[in-house]
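All remarks here apply to the structure that follows.
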């Protein structure tokens, strides 16, 4: 059975590496499903969205697992890194909920802003745009945004339906 390290090793092959041999820092951006590549395993398919250092962390890895019925992505395990899991569909033996942030059609949860924490946004419903440091990018279900600390950013929902995203912030 594939373990987390094997999955991240495969993901690392997709990450940029500088001439010094160190990974390049994650850029402020949104990554859509179409920007990722599936790595197929017997228990399902894994995709890496972001993988590398940030201004505050030695390493950050984000991705998805689409797990086949009756399977598990890997055996019960432990590792030195903290881990956050967000389940958006399907059912299993454990459910860990992220923070739900619905945004009504044509609205924004707040003005463009900045804060000392780094932030991830994980979009699960609706479509719209994010702006990071004045650059607009489209987002839709399956998009993941990374923004460094103290960089102006915002979320704007399109007119069609409510948008739902999960957010994760941290300071190291």
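Please arrange 132, 26, 67 by counting, for each residue, the other beta carbons lying within 10 Å of its beta carbon, fewest first. Don't skip to the answer; put the middle values down first.
Working: 132 20, 26 26, 67 16.
Listing 132, 26, 67 from fewest to most nearby Cβ atoms yields 67, 132, 26.
Sequence gap at least 6, Cα distance under 8 Å: using those rules, report the relative contact order of region 100-170 to the nearest whole percent.
Details: 189 pairs, mean separation 34.8, N = 71.
The normalised contact order for region 100-170 reaches 49 percent.
If neighbour count is taken as other Cβ atoms inside 10 Å, put 125, 81, 40 in order from fewest to most. Spell out each step's value before the answer.
Working: 125 16, 81 12, 40 8.
If I rank by nearby Cβ atoms, fewest first, I get 40, 81, 125.
For each of 166, 49, count neighbouring Cβ atoms within 10 Å of the residue's Cβ, then give the residues from fewest to most.
Working: 166 18, 49 23.
Listed from fewest to most nearby Cβ atoms, that is 166, 49.
At 0.36 nm per residue, minus the direct Cα-Cα distance, what do residue 68 and residue 162 gain on full extension? Give it in nm, one decimal, please. Display every interim value, and only then the final one.
Details: separation 94, 0.36 × 94 = 33.84 nm, distance 2.92 nm.
The residue 68-residue 162 span can extend by a further 30.9 nm.
If you take the alpha carbon radius of gyration of region 100-170 and divide it by 2.2 N^0.38 Å, what ratio comes out, to two decimals? Present the calculation step by step, with values, prior to reporting the outcome.
On the way: Rg = 11.0 Å, N = 71, 2.2 N^0.38 = 11.1 Å.
Taking N as the residue count of region 100-170, the ratio is 0.99.
Throughout, read-outs are computed from the coordinates displayed, never taken from laboratory work. Remember, predicted model here, so these are calculated numbers, not experimental data. Reconstructed Cβ throughout: ideal geometry from the backbone, glycine too, with neighbour counts over all protein chains shown.
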